[in-house]
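What follows is one structure encoded as C-alpha cells, with my remarks underneath.
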Amino acid sequence: MKVLRFLLAAMPLASSFSLGARSVALTARPVIGGKPYQHHLSAPLKAVSSLPIPDPEPVLKFPPPPVRNFKWMPVRWTLKTLLVQVNFYFMFGSMILINGIASFFYRIIKFWMRKVKLFRYGGFMAPYSQTPEIEMKFDFLRTTTYVPWLVQAWDKYFQLKTGMRTIDELEGPFQVPSDEFFISQVVQRTPMAFYTNNNSTHLYVDMTKIDDVDSYPLTYLDINGVEIDKATSEITIFSRTEGRITRKTHSAADFEKAMVYTMNTMSYWIAGIGHSWVHFCFMDATGATVYNDLKRNTLLHKLLHPHFLHTNRINWEALGTRGHVVFGESALIRMASEATQTTQKGVNTDILTKLFTPWTCFPMPKEEFVRNNAKRTTEYYFYSEEFACPPKWLEGENSELPYFQSLKRFYPIVREHVEKVLKEEDPVVVAEFIANVDKNSHVDPEGVDLYLTRFEPLDVITSMIFNAAFVHSTDHYFTHEVFRKARVGIGTLRQPMKRTWYPGKEVPGDLCAPADQLRFNNFADCFVQWNDMSAVPILSNCLKHIKYRFPRRYKSLRNSGPDFAALIYAEMDKMDHDGHVHVPMDKIARSICF
C-alpha cells in the first residue's frame, strides 16, 4: 500500500501546458476482442490553409412577438383554463411533497444507503439508484422550478385544442430560416457546430446517424447532411429520399421545404443524439465518485461538489432507470414519447404519457429516444477519437467556428481556478480520485473505461468542471435562443418531401401541424431553457452565486468563488468588445441539472 501511495504521489499534478503541443505516453491499453483499443492520443492539429468561414448574419435577430388581441371567452372556457392551472399546481405540488416525504422516511429506514449505484446501460455506466439525500435536494431545489413552465405548457395546449387561440396568437408563425441565418446562427452558433467539419473549401454538417433512427410511421426525419461552400455560401442539403437539393437545381419552394425538413432533423438531433455526451458517462462517473469515494474534508471534494450536485439525479431521471420506487416517470421519457393524439393508431400509451402530451414533441417511442442517446454516448467516449482532456476542439480548424471561439476562452480561466486549488491538495488524493473515476466508468465484459490516466490530472479536473458548467449551459442556451425564440425549431413533420407544398414563408398546416409546433416550443421552454431560483441565491444553482466551503486556514482560497466569477465576468466583457457570443452569466448552471 505504501508503494502504491508513493507511485501515486509521484504522478505529476500540474506541468507547463500548451494547447499547441502536448502528448502522454501510454504503457498499457484496454483490449477489445483481442485487439488493442485505440484511445485518442492528444496531438496538435496542423493548421489548414483554407478559405475564410462565411458569416453573413452574425447577430441573432428574433421575429416579432405573437400578437394576442383581447377577445371575449365563454365562461366555461375561462373556468376550464383556471381548472387546468389549479389541477396542475396541485398535482405537481403533491408529487414534490410525496416524493420529499418518501425520501425523508426512506433515508431513515434505509440508513445504510449512502451511495449512488451505477450499472451498465446502453454500453456505458449510468446511475441506477440515488440516495434519499440526493433525491430530496433535487425535489426542493430543482423540480419546483419546472412547475410554472409545465403549467403554462398545459394552459397553451388547452387553448389551442379548444380553439380559444390560434397557433399564431400563442406562439407566432413558424419561420423558415434564410440562408444567411442558417449559415451563421444554426450551423455556427448552436451545438450543431460539434458535428460540422470545417475543411479548406466547405463546411459540412454530418447527420448520417439519423439514418439509423426509427421514427413512427408517417413521420419523417429526412435530412442527413448539409454542405456550405465557403467561397459562394451556397447551401447543399442532402435528403435521404430526394438526394442533393440546392437553390440552383430546385425551385425556391422546394428548397425552402427542404430547409424546413433540415430544421426538423436538427431539432431532434440536438436533443436525441448530439447533446448526450455532455450529460452521460464521464459526468456520471465523476458525480458518483465525488459522492461515493471522495472524502468530504478534502479540498478536491469541496471544489467538485457544487459542480456535480444534481448530475447523477438528472441523468438517472433522463435515462428512465429505476433502482428504487420514486413517484412518477422520467421527464425526458415523457417529452420524448409521443402521446395518443399524435401517434399512429394502435400505439398503446399509458396515463402519464397522455397527461404530458403538451411537450412530447418527438415522433418515436421512449425506447428509441434513449437508444440513440446511449449509442452516441458510447461512441463518443469509447469507440472514436473524440474524447480528450482538454477537449480536442479547443484547437485545429474547427476551433475557428464562433461556437468554439466562445467556449475556448473560458477553458484557461477554469484551468487557472482549478490549479490554484490543486496546489493546496495532496497529489495522492487527486490521483486516487481520477483512478476511481476510471474504475466507476469501467464497462464489463469488454474491460473498457475512460482511461483518464493518459491525460494531465489538472486537465482532467478542469474538463470535468468545464463540461459540467460551460459546455452544458452553452448547448442549452443557444439551442433555446436559435431554435425556440427565433421560431425555426420543429419536432415532428408528418408529410413526405415529395408531397406538393405551396410557396410561402409560413409553413402551412398540411406540412407542420400547429399542435406539433406548440409541443416543440413547450418542450424547449420546459426542458431546454434553464429555469432557476436565481432570486434566492442560497437556493440557486447559478454559477454567479458559486461558493466553495474551503477551510479558512487556506487563505489563498477564501474568496475562490467570487474571484472565479469575477474572472468570468471580465472575460465576458472582453468577448462583448470582440464580438464573440457567449452565455450570459445568469444562464450558466454550475451543475448539470436540466
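Place a +1 charge on the Cβ of each Lys and Arg in the range 170-218 and a -1 charge on the Cβ of each Asp and Glu, then give the dipole magnitude about the Cα centre in debye, rounded to the nearest 20. Intermediate values should be presented prior to the final figure.
Values: 2 positive and 7 negative charges, 38 e Å.
The calculated dipole for the range 170-218 is roughly 180 debye.
How much FRET efficiency would the formula 1/(1 + (r/R0)^6) give for K498 and W72, where r is the Cβ-Cβ distance and R0 is 60 Å, rounded to 0.05?
Numbers: r = 44 Å, r/R0 = 0.73.
Taking R0 as 60 Å, the efficiency between K498 and W72 is 0.85.
If you count, for each residue, the other Cβ atoms within 10 Å and average over each peptide, how do 258-268, 158-168, 392-402 line up from highest to lowest?
258-268, 392-402, 158-168
Ignoring ligands, DNA and RNA, what accessible area per residue does the range 463-594 give at 1.4 Å, in Å²?
Working: 5330 Å² over 132 residues.
Result: 40 Å² of accessible area for each residue.
Order the peptides 130-138, 521-529 from the highest to the lowest mean number of other Cβ atoms within 10 Å of their residues. Kindly include the intermediate steps, with their values, before the conclusion.
Values: 130-138: 20.6, 521-529: 23.8.
Listed from highest to lowest mean packing, they are 521-529, 130-138.
Can you give me the long-range amide H partners of Y121? Hydrogens built in the peptide plane at 1.01 Å from N, cutoff under 5 Å, separation of 5 or more residues or another chain.
A126
Long-range amide H contacts for V448: which residues qualify at under 5 Å (H placed 1.01 Å from N, peptide plane, sequence gap of 5 or more or a different chain)?
Those qualifying (amide H under 5 Å, at least 5 residues apart or on another chain) are V443.
Would you work out which of T236, T262, G272 lies farthest towards the positive end of the dipole of the range 232-314, given +1 charges on the beta-carbon of Lys and Arg and -1 on that of Asp and Glu, about the Cα centre?
G272
Mind listing the long-range amide H neighbours of H202? Cut-off is under 5 Å, sequence gap 5 or more, other chains count too, H placed in the peptide plane at 1.01 Å from N.
Those qualifying (amide H under 5 Å, at least 5 residues apart or on another chain) are K230.
Have a look at Q529, G396, S473 and report the one farthest towards the positive end of the charge dipole of the range 377-532, computed about the Cα centre with Cβ charges (Lys/Arg +1, Asp/Glu -1).
Of Q529, G396, S473, it is Q529.
Nothing charged except the Cβ atoms of Lys and Arg (+1) and of Asp and Glu (-1): what's the magnitude of the dipole of the range 386-465 about its Cα centre? Round to the nearest 20 debye. Let's see the in-between values first.
Working: 8 positive and 16 negative charges, 60 e Å.
So the magnitude is around 280 debye.
Assuming R0 = 51 Å, can you tell me the calculated FRET efficiency for the pair E234 and D293, based on Cβ-Cβ distance, to the nearest 0.05?
Plugging the Cβ-Cβ distance into 1/(1 + (r/R0)^6) gives 0.40.
For the range 151-234, what is Rg from Cα atoms divided by 2.2 N^0.38 Å, rounded to two decimals? It would help to have the intermediate numbers written out before the result.
On the way: Rg = 17.8 Å, N = 84, 2.2 N^0.38 = 11.8 Å.
That ratio works out to 1.50.
FRET efficiency for A252 and V536, Cβ-Cβ distance as r, R0 = 60 Å, nearest 0.05? Before the final figure, lay out the partial values.
Numbers: r = 51 Å, r/R0 = 0.86.
Calculated transfer efficiency: 0.70.
The values are calculated or read from the model by the stated rules, or taken from the named source; none is laboratory data. From a predicted model like this one, the values you see are computed outputs, not experimental measurements. Cβ coordinates were reconstructed from backbone atoms using ideal geometry, including for glycine residues, and neighbour counts include every protein chain displayed. These area figures cover heavy atoms from the full protein model, side chains too; ligands, DNA and RNA do not enter into them. Shrake-Rupley method; radii C 1.70, N 1.55, O 1.52, S 1.80 Å.
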